[in-house]
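Okay, structure first, notes after.
The values are calculated or read from the model by the stated rules, or taken from the named source; none is laboratory data. From a predicted model like this one, the values you see are computed outputs, not experimental measurements. With ideal geometry, Cβ positions are generated from the backbone for all residues, glycine too; neighbour counts draw on all protein chains shown.
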Amino acid sequence: MKTFNELELIEPIQRALAEENYHTPTPIQAQTIPAAIQGRDVLGCAQTGTGKTAALALPILNKLGQSNRKATPGRPFALVLAPTRELAIQIGESFAAYGRHLRLRQVLVYGGVSQGNQVKALNRGAHIIVATPGRLLDLMNQGHIKLDQLEVFVLDEADRMLDMGFLPDLKRIISQLPNQRQSLFFSATLAPKITELAQSLLKNPVSVNVTPESKSVTKINQQVMFVERNGKQSLLQKILGTPEVERALVFMKTKRTANILSQRLMLSGITATAIHGNKSQGARQRALEAFRSKKVQVLVATDVAARGIDIDGITHVINFDLPTEPEAYVHRIGRTGRAGAEGIAITFCTASERRELRTIEILIGQKIPLAKDQPQPERHPDKPLVEVSNRKDAGVRRPAANVASPRPRRPAKRRLTGAAAGEDKLNQQKRKNSKWRHLKKAAKQTS
């Protein structure tokens, strides 16, 4: 398939795609859209940045646009579940763009904001609901949303849903779905739990796998820089000062350090803002919009934004801190090199983060090359690297113990029992009382 014109999409959608300058479908779109238009269930394995949103949105718009039915209050025809507010908003924007010439109403349902406007929109009637699980369940329990007329159900970023602990919520939502429906299931990885969930949801699905499991985007230029912890900020400022860094996304481990780093960058003359889970929805949207419109050069984020940011033109992703989970590295660097474009991902690594780096390299199946002019990290001559083979650290190299001069161990303290234990406790109390009497006497003499 070479162009979108070859897809069996209705004219209003084709017109919107032409206005968006969409000409050639990505692999996930070319394989998913024809099957979904035929009403088949789909199991799609693809990472972010491959065009999944259009792959799920276009068949839904095509189906509902053909019938052009009136929306029923609180009873949608299509439901799309996303793990984060940011991703839900971006999916909603895509539905609005592709369906601009259709008379279809959609409602975004997510937490972090008052539910009043969402309830009003639901009462007016919505053909499509794009939601996060928590707020959706709240409104379902209050009777504002019923799924008895649902025709298409989409679960996006299923692996991220499970990572965030949404499995119980998902099971409750799935239990309310009608038996006669079409289901589209998308995930970046297909771990056993993901496969089990997909099997419970899908019926004779068409499987679409366009990327190897847990592999990073090949067009991303990955680099590692070894640096001391207290030298990270100065190194970051040096990198951000180079002309090739137009827009950079910097990842931190914690919300507090994200705030601190963004403030320090601002003080150094670099425009920056922070986004993380403690920010209100309004603040998060303002930060994203400032970054998207190039009002700020740097967006400092925690992993809450790893899969929720879909902004073209991010030239650099910088891992200021290595992620706790190696899979998060893949999703972080996927924010650059979107839809086949090239990008650069730079990782800062301290001596204490070597093990995390090695685990990431095992996951992605390649060694991350050193950045240009970076010297090889020094290793202690008396502690060569050796393989360890226990299950937890399989494949990880770490310094061997110094057999020639083992560290002396402190002798174990003998445990007292019976009368000896009682006598020892009494002696401890006497010493304590004597110490306090001495301190009180010294205080009186001083006064």
Over segment 280-335, the set of residues in contact with a helix residue (DSSP H, G or I) (Cβ under 6 Å, 6 or more places away or on another chain) and of a type in the set (Lys, Arg) is Arg307
Subset of segment 250-297 [within 15 Å of Lys238 (Cα to Cα), outside any helix (DSSP H, G or I) and basic (Lys, Arg)]:
none
Condition broken by Val107, with the remaining ones in (1) touching a residue at least 60 places away in the same chain (Cβ under 8 Å); (2) under 19 Å from Leu155 (Cβ atoms) satisfied
(1)
Which residue, of Thr302, Thr273, is within 17 Å of the chain's Cα centre (by Cα) and either within 19 Å of Gly343 (Cα to Cα) or not assigned by TED's automatic domain parsing to the domain that holds Arg85 (or both)?
Thr302
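Restricting attention to segment 77-128, report how many residues are among the charged types (D, E, K, R) and under 28 Å from Thr302 (Cβ atoms). Give the derivation first.
Looking only at segment 77-128, we keep the residues that are among the charged types (D, E, K, R), and these are 85-86, 93, 100, 103, 105, 120, 124.
Filter again for under 28 Å from Thr302 (Cβ atoms), leaving 85-86, 93.
Adding up the residues that qualify gives 3.
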Exactly one of Gly125, Gly116, Gly65 is in the same structural domain as Lys146 (by TED's automatic domain parsing) and either crowded, with 17+ Cβ neighbours inside 10 Å or within 24 Å of the chain's Cα centre (by Cα) (or both), and that one is Gly65
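Given the options Asp156, Asp163, Asp148, Asp138, name the one that is in contact with a helix residue (DSSP H, G or I) (Cβ under 7 Å, 6 or more places away or on another chain) and not aliphatic (A, V, I, L, M).
Going through Asp156, Asp163, Asp148, Asp138 in turn, just one is in contact with a helix residue (DSSP H, G or I) (Cβ under 7 Å, 6 or more places away or on another chain) and not aliphatic (A, V, I, L, M): Asp156.
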So, in segment 33-59, exactly how many residues are out of contact with any helix residue (DSSP H, G or I) (no Cβ under 8 Å at 6 or more places or on another chain) and hydrophobic (A, V, I, L, M, F, W, C)?
2
Suppose the filter is in the same structural domain as Asp156 (by TED's automatic domain parsing), at pLDDT below 90 and small (Gly, Ala, Ser); does Gly39 pass it?
no
Out of all the residues in segment 17-34, is one or more part of a helix (DSSP H, G or I), farther than 27 Å from Phe166 by Cβ and within 23 Å of the chain's Cα centre (by Cα)?
yes
If you take the residues in segment 160-194 that are within 21 Å of the chain's Cα centre (by Cα) and polar (S, T, N, Q), which one is nearest to Lys52 (Cα to Cα)?
Ser187
What's the total number of residues in segment 128-159 that are at positive phi and either crowded, with 21+ Cβ neighbours inside 10 Å or within 19 Å of the chain's Cα centre (by Cα) (or both)?
1
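Within segment 154-211, how many residues are in a loop (DSSP other than H, G, I, E, B) and touching a Leu at 6+ places or on another chain (Cβ under 7 Å)?
Taking segment 154-211 and keeping what is in a loop (DSSP other than H, G, I, E, B), we get 156-157, 164-166, 176-181, 188-191, 202-205, 210-211.
Those left that are additionally touching a Leu at 6+ places or on another chain (Cβ under 7 Å): 156-157, 176-178, 181, 202, 205.
Count: 8.
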Has segment 310-326 got any residue that is among the polar types (S, T, N, Q), free of Cβ contacts under 8 Å to residues at least 40 places away in the same chain and surrounded by fewer than 23 Cβ atoms within 10 Å (Cβ to Cβ)?
no
